[in-house]
């Protein structure tokens, strides 16, 4: 029997249409808009001004605080403006807009494709380099990686877990990275292991990617202390806490971080970015984005410069098909529908999915019949029907007691609800309110 | 047989007397003095328990009111000056008259002025919608029209107009409790002075975008041109973040700003019709606000 996490979970149709498409480098756009807040935490401070010439990989916004990330230019050209630009949610947020001129990279970046295995840096030096390169969690949560690597005093990391699960339907960017950048991934893992001072790394991959499992298992034999584990297909196994439970059978306590049970989880994309940052001095300014959809002309995986307009990425995959009802940023379970395709690709854009109008429409919500399906599928053991009601009634203190802060917003409850209730909509709202209350109490 | 009845009656009577005595002394011992004026004040208050005064219900307000040395900071918006005058009489004090207020919706983005750019079919709640995205038009500041303000109104004073998709306040029913102001995630609703005979002037827009951007997303948006600021003879208008704001305490209702506003973002309500002019009168929105 294959391993998986123990409570809840759903198995939506996989629809990994673009799994066979090799990563294609997207041509340079004419203009990029790079938001200064692409990560969880404080927005970065812009360090360039209008009219400045920038090169690819040049620092354009400086990390602002412990939980924050540097932002680098993804193109070479002239800074056209530093103004609010519409982001994927439609709100206008500050961004640095750069007009592209040529493709001149910063001299410090090693552009060769040769593998560089040897890494003689100390743990502190690695973490500093990861921080400088502005690396954030590439799975979509965009948590600054150097924070995750800095193990707090009194805690000890025992195992590094590499997340190659990609449990979201449709998305294939991690899958392609594992197939095409297996060696870089392994070196990245070795570097992460060194930074965390751990001896073992476990790569978790769902069993619907047998080619990635066999490829990585074979590559891993060359490196010490890296194990590849096939996992049963079950959403949301890519959640940190679910993956830890599946791989090492430890449960992260409520409100605690994975380090509490000696685990640190990083995405495969992050590990490759760490390799590039540490070995090639290449900051994070491009990422693999899956562009897919059942009626899209050519579902593809593109290597996209951060800040490229989403419209151009979709155009490269055949353009927005007629009868498109919704384009989702991220996976179909956790992603959010875009309000405009003019918004830019950011560090957290793992996929763009076009849904035909008939699939995009939500079904009409009916009354809750107390069937309890949401409770049985919740991977965190919460009671979504109750949290939904409490949030509607604004009973936020009660929600806190019901552990709403443990909700990982995976959407399994909404997916499974036979009454089509917008459970997660309200739970997410309540979670944000409770978060505010808790922070106010601490302050 | 009769003796059983007799003993029962005696026994119960004795128990009753003993309990009464015990209860009397206990009640004396643990007596909590409560100012009787609190009850009197509470009886005068409207009893809506809306929280508009900032206290938990009318009882909470009555307690604070009786306890307070200075009652000028306390006001029941629902009861208004009359109720406050009566309540102050209970304490033998005088309540200062406060100008009546009313909720004002500061968005005029009807579908005709503000084209829909996308469709939302999530939970029918403004709070949820605004936590997910900016809204179904190009304006990220504008009204979402899903009616959170209607849901919280205890006085049936606000409804969503089916044609415009915007909330409309019934000024006769509105008590200025402020529940809708707090409920609106876009901060569109504001409590403003009701004005003499309901006459008031306000900027019916909260768009902070630069002029061109604002104008593109909504044809009646405030573009921050500053004409009204220059025109106002009473210094009542300020311009901040590309948005004009009229201070209702300074505004003398001269209507000069309304005339110069190029996008008709400044509204005048309950004024008599102007003398016929060349200008198109239909451009001026008629509203209950």
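The values are calculated or read from the model by the stated rules, or taken from the named source; none is laboratory data. Not measured: the values here are computed from a predicted model. In this analysis, Cβ positions are derived from the backbone assuming ideal geometry, glycine residues included, and neighbour counts consider all displayed protein chains.
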message: Any residue that is assigned to a helix (DSSP H, G or I) and within 11 Å of chain B (Cβ to nearest Cβ) - is there at least one of those in segment A:337-349?
response: no
query: Only one of (1) crowded, with 24+ Cβ neighbours inside 10 Å; (2) in contact with a helix residue (DSSP H, G or I) (Cβ under 8 Å, 6 or more places away or on another chain); (3) farther than 18 Å from residue A:142 by Cβ is not met by residue A:247, so which one is it?
result: (2)
field: Out of B:197, B:215, sole residue that is away from every other protein chain (no Cβ under 14 Å) and under 26 Å from residue B:273 (Cβ atoms)
entry: B:197
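Going through B:197, B:208 one at a time, which residue ends up being part of a loop (DSSP other than H, G, I, E, B), modelled with pLDDT under 95 and within 26 Å of the chain's Cα centre (by Cα)?
Details: B:197 fails: part of a loop (DSSP other than H, G, I, E, B).
The unique qualifying residue is B:208.
Just one of B:79, B:51, B:85, B:16 is outside the structural domain of residue B:191 (by TED's automatic domain parsing), farther than 30 Å from residue B:154 by Cβ and out of contact with any helix residue (DSSP H, G or I) (no Cβ under 6 Å at 6 or more places or on another chain); which is it?
Numbers: B:79 fails: farther than 30 Å from residue B:154 by Cβ; B:51 fails: farther than 30 Å from residue B:154 by Cβ; B:85 fails: farther than 30 Å from residue B:154 by Cβ.
Criteria check complete, one pass: B:16.
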- prompt: Quick check: is even one residue across segment A:88-98 loosely packed, with under 15 Cβ neighbours inside 10 Å and out of contact with any strand residue (DSSP E or B) (no Cβ under 8 Å at 6 or more places or on another chain)?
  reply: no
task: Kindly indicate whether any position in segment A:357-378 is away from every other protein chain (no Cβ under 14 Å), in contact with a strand residue (DSSP E or B) (Cβ under 8 Å, 6 or more places away or on another chain), farther than 22 Å from residue A:75 by Cα and at pLDDT 95 or above.
output: yes
message: Condition (residue is within 14 Å of chain A (Cβ to nearest Cβ), at pLDDT below 95, over 19 Å from residue B:214 (Cβ atoms) and surrounded by fewer than 22 Cβ atoms within 10 Å (Cβ to Cβ)) applied to segment B:75-94: is it met by at least one residue?
response: no
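Kindly establish whether residue B:142 is buried (at least 19 other Cβ atoms within 10 Å of the Cβ) and either under 27 Å from residue B:195 (Cβ atoms) or within 14 Å of chain A (Cβ to nearest Cβ) (or both). Quick ask: steps written out before the conclusion?
Working: buried (at least 19 other Cβ atoms within 10 Å of the Cβ): yes; either under 27 Å from residue B:195 (Cβ atoms) or within 14 Å of chain A (Cβ to nearest Cβ) (or both): yes.
In short, yes.
Would you tally the residues in segment B:162-186 being within 14 Å of another protein chain (Cβ to nearest Cβ) and without any contact (Cβ under 8 Å) to a residue 60 or more places away in the chain?
Of the residues in segment B:162-186, the ones within 14 Å of another protein chain (Cβ to nearest Cβ) are B:179, B:182-183, B:185-186.
Checking the rest, the ones that are also without any contact (Cβ under 8 Å) to a residue 60 or more places away in the chain come to B:182-183, B:185.
Final tally of qualifying residues: 3.
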statement: Requiring at least 2 residues that are within 21 Å of residue A:333 (Cα to Cα), the helices (runs of 4 or more DSSP H) wholly within segment A:370-437 are A:373-377, A:384-392, A:412-416
- request: Could you tell me whether segment B:96-117 includes any residue that is within 18 Å of residue A:360 (Cβ to Cβ) and either facing chain A (nearest Cβ under 9 Å) or part of a loop (DSSP other than H, G, I, E, B) (or both)?
  value: yes
